[in-house]
Amino acid sequence: MADLNINKDHDTTEASNGADTSSSEDLATVVDDLLNQLSTKFTNISSDLLAKMDEMSRRLDNLEASIQASARSQDDESK
């Protein structure tokens, strides 16, 4: 009878290890999916941020050119 209990415990341990392995694989899959989602969001936000910075740079360049043109026209009028 002692042999039966040992075998029974051993079988339960194997089933438990199988469940642990399945749970570990599921967890790894979920973590991978979350990391992929975060990576995608980070890439999108980075692209949006760079696009907005480029737009701001373009607008500042236009403003600077406008201010310089205005300053030149005022200098020409004062002469």
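The numbers here are math on the coordinates, done by the rules we state, and not lab data. Just so you know, these numbers come straight off a predicted model, no measurement behind them. Don't worry about glycine lacking a Cβ; one is built from the backbone with ideal geometry, like all the others, and counts go over all protein chains shown.
Points worth noting:
- Each Lys or Arg adds one and each Asp or Glu takes one away; over the other residues whose Cβ falls under 15 Å from the Cβ of Asp54, this sums to 0.
- Net +/- balance of residues flanking Ser66 in space, Cβ distance below 12 Å, scoring K and R +1, D and E -1: 0
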